Amino acid sequence: VTLSGGEPLLQIDFVRVIFEICRHEGIHTAVETAANLPWLRIESVLPLLDLVMMDIKMMDSDKHQRSTGVPNDRILANAARLGQGPTPLIVRTPIIPGLNDTADDIAAIAGFVADFPSLEYYELLPYHPMATSKYRSLDQEYDAADLKPPTKELMAELAEIAGRAGIPVRTG
């Protein structure tokens, strides 16, 4: 069972109950989190988790603030703690054209996670325009409507760059 969508750990009591039931029934548990939460909230469910998946969009906190509306200091601190823990971790980066699609961006993230003992692999996910129709159906402007997904060649190049950090890399 994987809990995701929005931020599941904002509903910590519900998450805990679901994962306790899963644990009792021998069902594998995973959470997809932005990790932009107080550590105690994350830590409280770790004993019930078999896998944590989280995104690191970029290393530069100012750039992260401009792009997402929040700095990434807490996200990176939580990633570092998760990376040193016993729960297997998958770190993912959605590749957004013009935002975090350079060799330097990806090398910085790969270098950051390279020393995480719990890292299963680092995954590069190509941007996709699926939200365009959602915004259109709501009669709202979508700032990223003109973005094109990265090419397979760029994704392969970025994966090769990330792999130089000595970590397993996958592309979505």
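Only DSSP H runs of four or more residues enter the estimate; each adds -39500 (n - 2.57), and after division by the residues of the chain the mean residue ellipticity at 222 nm equals -12000 deg cm²/dmol. Per-residue SASA remark: Thr171, around 70 Å² accessible (1.4 Å probe; ligands, DNA and RNA not included). Note that the chain presents 55 Å² accessible area per residue, ligands and nucleic acids not counted, probe 1.4 Å. In summary, the aspartates and glutamates within cross-link reach of Lys152, defined as a Cα separation below 17 angstrom excluding same-chain residues under 8 places away, comprise Asp101, Glu123, Glu160. Using a cutoff of 8 angstrom between alpha carbon atoms and counting only pairs six or more residues apart, the relative contact order for segment 36-172 works out to 24 percent.
Eigenvalues of the alpha-carbon gyration tensor of segment 1-112, scaled by 5 and square-rooted, set the equivalent ellipsoid semi-axes at 27, 14, 12 angstrom, largest first. Among the DSSP helices (H) of the chain, those spanning at least 18 angstrom by Cα along their long axis with an average Kyte-Doolittle hydropathy of -1.0 or more are 12-25; this is a geometric and hydropathy rule only. Amide H to amide H distances under 5 Å link Leu124 with Thr93, Arg170, Thr171, Gly172, where only residues 5 or more positions off or on other chains count and H is placed in the peptide plane.
The values are calculated or read from the model by the stated rules, or taken from the named source; none is laboratory data. Predicted model only: the values in this text are computed from it and were never measured. The area values use the complete protein model at the heavy-atom level, side chains included, leaving out ligands, DNA and RNA. Shrake-Rupley method; radii C 1.70, N 1.55, O 1.52, S 1.80 Å.
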